[in-house]
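Remarks on the structure that follows.
The values are calculated or read from the model by the stated rules, or taken from the named source; none is laboratory data. Since this is a predicted model, take the numbers as computed values, not measurements. Positions of Cβ are backbone-derived with ideal geometry, glycine not excepted, and every protein chain shown enters the neighbour counts. Ligands, DNA and RNA are excluded from the accessible area calculation, which covers all protein heavy atoms including side chains. Shrake-Rupley method; radii C 1.70, N 1.55, O 1.52, S 1.80 Å.
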Amino acid sequence: MESINIHPLVVHFPIALLSIYSFLECARLRKLQQLSFWFGLKAFLVITGSVIGILALQSGDWMKHLFMGGNFQSVVELHEFLGDWSIYLYLLIAFSYVIKSLKLQNVWESNAWFQKIVSLNAKIFCVPVLVIFAIVAFILLVLTGALGAVLVHGPDIDTGVTIIYEFFFP
């Protein structure tokens, strides 16, 4: 029985969600921030994208044996490293959104331990930090995607991919 490569299916969906999240997190227009659904939309995008991103990382682990030992082994290793770190950053952001969501819903409102976590979360994940994390995670996501394109289509698939490939592998 032939196995099905689910990697592209579980990779491209979270990339879309996380890319949109990153854009929205950086869009700091007051009118947008005041929309009642704005926080919930960003929370949905980053939490869902991060959780599915974990599946993408796992599917990459299943697929990497196809490329190991070949000409692109170093590309696979960097692709994996950048992919891991992009998802780790998005997971940190997602965790922050989970805490904020629980606070907004008054879950564990009287729990002193939870209130300390909420306070710490607010200090660590202030707006500038969220924006910086979103930008860095998005850059890592783009680099990961470009190296994935190198693995599937070769380094000459398009100009952007070629530039990224030659930057890391001159």
Screening G148, G160 for residues that are touching a residue at least 24 places away in the same chain (Cβ under 8 Å) and not in a loop (DSSP other than H, G, I, E, B) leaves only G148
Just one listed residue, out of L141, L57, L92, is under 24 Å from L18 (Cβ atoms), at pLDDT below 90 and under 13 Å from the mean Cα position of the chain (by Cα), and it is L57
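For the subset of segment 102-111 comprising residues that are part of a helix (DSSP H, G or I) and open to solvent by 70 Å² or more (accessible area, probe 1.4 Å), which member is farthest from G40 (Cα to Cα)?
Looking at residues that are part of a helix (DSSP H, G or I) and open to solvent by 70 Å² or more (accessible area, probe 1.4 Å), I get K103.
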Over segment 66-86, the set of residues of a type outside the set (A, V, I, L, M) and either assigned to a loop (DSSP other than H, G, I, E, B) or in contact with an Asp or Glu (Cβ under 7 Å, 6 or more places away or on another chain) (or both) is F67, G69, G70, N71, F72
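State yes or no: is I117 among the aliphatic types (A, V, I, L, M), over 30 Å from V75 (Cβ atoms) and assigned to a helix (DSSP H, G or I)?
Yes.
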Counting only residues that are polar (S, T, N, Q) and open to solvent by 60 Å² or more (accessible area, probe 1.4 Å), segment 112-144 contains a total of 1
Of (1) modelled with pLDDT of 95 or more; (2) among the hydroxyl-bearing types (S, T, Y); (3) not in a helix (DSSP H, G or I), S3 satisfies every one except (1)
Please tell me if W85 is in contact with a His (Cβ under 8 Å, 6 or more places away or on another chain), open to solvent by 40 Å² or more (accessible area, probe 1.4 Å) and touching a residue at least 12 places away in the same chain (Cβ under 8 Å).
no
For segment 34-51 the number of residues that are of a type in the set (A, V, I, L, M), in a helix (DSSP H, G or I) and surrounded by fewer than 18 Cβ atoms within 10 Å (Cβ to Cβ) is 2
